[in-house]
1. State which residue is modelled with the lowest pLDDT when the search covers only the range 10-48 and only residues that are surrounded by 10 or more Cβ atoms within 10 Å (Cβ to Cβ) and not in a helix (DSSP H, G or I).
2. Which of the numbered conditions does I74 fail, given that it passes all the others? Conditions: (1) in a strand (DSSP E or B); (2) closer than 30 Å to A6 by Cβ.
3. Could you give every pair whose Cβ atoms fall below 6 Å, whose first residue belongs to the range 50-70 and is within 30 Å of I84 (Cβ to Cβ), and whose second residue is at pLDDT below 85, counting only separations of at least 6 or pairs across chains?
4. Within the range 19-71, track down each residue that is of a type in the set (V, I, T) and closer than 25 Å to N7 by Cα.
5. Tell me yes or no: at least one residue of the range 45-54 is closer than 30 Å to E73 by Cβ and either of a type in the set (S, T, N, Q) or touching a strand residue (DSSP E or B) at 6+ places or on another chain (Cβ under 7 Å) (or both).
Amino acid sequence: MPVSVANESESELIARIPELKDVDFATGQDELPPLLQKVGEVVAGLFEDFPNTSSWSRYVRGRSSDIARTWDEISQKYVYLISINRWTPS
């Protein structure tokens, strides 16, 4: 079951996730609007020159049975296509 960390204190978070020890935690919500603005600008910039692209991946899960000496395998293939529709508002 997923655990929410939304209500944990800074010290509780660092105890749970030690990699956060060097993070500067905000003391309030005032920093949120400029941060979201900056993130939005970066994301918009990424998509400006994003090329059409496609890829595929294969997920394989196997399971062996020591009793029957068999191997069960489930294989799924995923195909992704990202096609950018560039338009200019008139």
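The values are calculated or read from the model by the stated rules, or taken from the named source; none is laboratory data. This is a predicted model, so every value here is computed, not measured. For neighbour counting, all protein chains shown are included, and Cβ atoms are generated from backbone atoms with ideal geometry for every residue, glycine included.
1. For the range 10-48, the residue satisfying everything is A26.
2. With respect to (1) in a strand (DSSP E or B); (2) closer than 30 Å to A6 by Cβ, I74 is out only on (2).
3. F50/I84; N52/I84
4. First pass over the range 19-71, keeping only residues of a type in the set (V, I, T): 23, 27, 39, 42-43, 53, 60, 67, 70.
Passing the criteria: V23, T27, V39.
5. Start the filter on the range 45-54 by keeping residues that are closer than 30 Å to E73 by Cβ, which leaves 53-54.
Filter once more, keeping what is either of a type in the set (S, T, N, Q) or touching a strand residue (DSSP E or B) at 6+ places or on another chain (Cβ under 7 Å) (or both): 53-54.
There is at least one residue in the range 45-54 that is closer than 30 Å to E73 by Cβ and either of a type in the set (S, T, N, Q) or touching a strand residue (DSSP E or B) at 6+ places or on another chain (Cβ under 7 Å) (or both).
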